[in-house]
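Novice: First the structure, then my questions, so here it is.
The values are calculated or read from the model by the stated rules, or taken from the named source; none is laboratory data. This one's a predicted model, so the numbers in the text were calculated from it and none came from an experiment. Neighbour counts run over all protein chains shown; Cβ positions are idealised from the backbone, glycine included.
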Amino acid sequence: FVRFFPQTVVFKQFVFSIPTSTCYLLFFLRDLLEPGKITDRHVKSILTIGKEAGGKNEVFIIVKTNQLETGRKYKVNNNIEQVFLRFLKEGKSTIRFKEPRHDLSINSDPIQLKAFLKVLKLVNDGTGSYEKHLSSLYADSKIMSVKKKLAIVGKQDFSVDSKFPRTIEELKICEVNMKYFDKRILHLPNLKTLCLSKNQLLEIPDAFGSLPNISTLDLSDNLLGSSRAWNWLTSTRIVNTLSVLNLANNKLGYFPLELLNLNNLYSLNLSRNQITALPGTVGFYLKSIREMDLSFNLLKYVPVSVKILNLEKLNVSSNPFLTDFDSNELIPQNFGIMSLFDLAAGAVENYRIPFSLENIPKTIFNYVKYQAGVCICRKITFRKNTTHYSNRNIIASQVWISRALMCMVVNFCSFSCYTTRRSLNGLL
């Protein structure tokens with residue numbers, strides 16, 4: 001890729017501007033000195049068009065690399081054999097020199113490429129009007145670093161026609177009224193940090209989960225709650241790379257169960273939504289989480305498995321936690337007959353069947369992972385009519401809560417667990 005100023009091109013994954021727009025170029029050199037020999041070299045280089053200080057009126061294009069510090073000169077005047085323009089509308093062109101017999105092939109944004117070729121044509125025609133576009137050539141051998149960060153804030157800076165450099169590691173696109181996910185992001189293999197906050201996104205495509213290096217993702221202040229398209233959180237890549245996720249203010253009326261697949265999630269922000277409950281098994285699957293923000297939701301209680309988490313920061317303020325319980329709710333009503341479906345799900349736990357889709361039907365797999373309750377003995381249970389509520393503290397280094405205690409819910413797996421730990425002393 002190339003960085004291209006009014007008079008300068010920097011090869012190998014850079015941006016150029018003439019003078020305010022941007023584009024991305026792919027550069028490769030085809031050496032024709034030896035018949036039949038074609039060499040593709042993607043080399044980090046600087047290419048400049050201009051005159052030598054104190055020299056004649058001859059104009060040169062000079063290519064510099066870290067290995068070739070003095071640069072390689074290409075004379076422009078009367079030395080350009082042909083400029084191939086057949087695919088100019090697609091942003092592709094090749095400049096062929098007479099001596100040496102080299103080709104410079106460029107793949108670029110069409111508008112930017114036309115601007116560059118216009119300057120080159122003025123030089124080659126010798127009209128004299130090109131002087132203001134040129135600079136003095138200098139022997140600076142410093143190669144500009146690869147572009148790794150890009151921030152677009154506001155509609156005025158956002159263009160759907162430009163390309164993103166593939167070397168981008170941090171990308172921020174905020175407040176551009178984006179309703180549909182920008183597919184250009186899917187072609188950024190080095191992307192580690194992505195911020196798409198303050199837009200109007202309705203869903204994220206499944207293909208996004210296949211990006212290999214995503215570790216920080218900010219999707220706050222969007223409309224993701226209007227959709228249940230969360231399959232992108234099940235990709236084998238993102239489940240192991242994502243560590244920070246911000247889904248604040250997305251009109252979520254539920255906890256996306258696919259979040260439980262994130263093996264290395266460190267920080268999760270679900271504040272300012274309308275979430276009414278957390279999955280009972282949240283403490284079993286989010287083992288790496290250390291920071292969780294659930295403030296300003298509609299939680300009446302949290303599952304007892306939350307106490308398994310090694311939380312450092314927890315914010316559950318501004319939630320309508322239960323304070324008064326019906327006395328009947330404190331007594332498990334039935335430890336008797338369970339449904340066949342619950343028995344099938346319980347068999348997975350009781351017989352220690354390897355927990356994978358290869359061994360378990362998908363309906364049972366999802367039910368065990370997402371719908372199970374948790375007993376105080378840390379055992380998964382499917383006895384939903386043995387619910388017990390209690391006001392308890394949650395262990396965390398820093399806790400933000402509107403009241404001293406919060407309501408926790410536990411599903412007893414047996415009458416024995418209920419009777420022996422009825423007071424919940426030493427819970428978990």
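Novice: Looking only at segment 178-194, count every residue that is of a type outside the set (A, V, I, L, M), in a loop (DSSP other than H, G, I, E, B) and closer than 18 Å to P165 by Cβ and tell me the total. If you could, list the steps in order and put the result at the bottom.
Specialist: Keep residues of segment 178-194 that are of a type outside the set (A, V, I, L, M), which gives 179-184, 187, 189-190, 192-193.
Within this subset, residues satisfying the condition of being in a loop (DSSP other than H, G, I, E, B) are 179-182, 189-190, 192.
After this cut, where a residue has to be closer than 18 Å to P165 by Cβ as well, the list is 182, 189-190, 192.
Matching residues across segment 178-194 total 4.
Novice: May I pose another question? Residues in segment 258-287 that are closer than 18 Å to R378 by Cα, assigned to a loop (DSSP other than H, G, I, E, B) and touching a residue at least 40 places away in the same chain (Cβ under 8 Å): how many?
Specialist: Initial filter on segment 258-287 (closer than 18 Å to R378 by Cα): 260, 278-287.
Of the ones still in play, those that are also assigned to a loop (DSSP other than H, G, I, E, B) are 278-281, 286-287.
Restricting the remaining residues to those that are touching a residue at least 40 places away in the same chain (Cβ under 8 Å) gives 279-281.
Total satisfying the criteria: 3.
Novice: Could you check how many residues of segment 248-279 are closer than 13 Å to F296 by Cβ and crowded, with 18+ Cβ neighbours inside 10 Å?
Specialist: Count: 10.
Novice: In this structure, is L196 at pLDDT below 95, aliphatic (A, V, I, L, M), under 13 Å from the mean Cα position of the chain (by Cα) and more than 25 Å from V302 (Cα to Cα)? Show your work before the answer.
Specialist: Details: at pLDDT below 95: no; aliphatic (A, V, I, L, M): yes; under 13 Å from the mean Cα position of the chain (by Cα): yes; more than 25 Å from V302 (Cα to Cα): yes.
No.
Novice: With the structure loaded, tell me whether S197 is free of Cβ contacts under 8 Å to residues at least 12 places away in the same chain and either more than 20 Å from L252 (Cα to Cα) or not in a strand (DSSP E or B) (or both) or whether it fails that test. Show your work before the answer.
Specialist: Working: free of Cβ contacts under 8 Å to residues at least 12 places away in the same chain: no; either more than 20 Å from L252 (Cα to Cα) or not in a strand (DSSP E or B) (or both): yes.
Here the answer is no, as S197 does not meet what is asked.
Novice: A follow-up question, please. Among the residues of segment 95-129, count how many are at pLDDT 70 or above and part of a strand (DSSP E or B).
Specialist: 8
Novice: What's the total number of residues in segment 149-168 that are touching a strand residue (DSSP E or B) at 6+ places or on another chain (Cβ under 7 Å) and in a loop (DSSP other than H, G, I, E, B)?
Specialist: Of segment 149-168, the ones touching a strand residue (DSSP E or B) at 6+ places or on another chain (Cβ under 7 Å) are 149-153, 158, 162-165, 168.
Subset that is in a loop (DSSP other than H, G, I, E, B): 158, 162-165, 168.
Residues in segment 149-168 being touching a strand residue (DSSP E or B) at 6+ places or on another chain (Cβ under 7 Å) and in a loop (DSSP other than H, G, I, E, B): 6 in total.
Novice: With the requirement that a residue be of a type in the set (A, V, I, L, M), surrounded by 17 or more Cβ atoms within 10 Å (Cβ to Cβ) and part of a loop (DSSP other than H, G, I, E, B), what does segment 203-234 give you?
Specialist: Answer for segment 203-234, where residues must be of a type in the set (A, V, I, L, M), surrounded by 17 or more Cβ atoms within 10 Å (Cβ to Cβ) and part of a loop (DSSP other than H, G, I, E, B): I204, L211, I214, L219.
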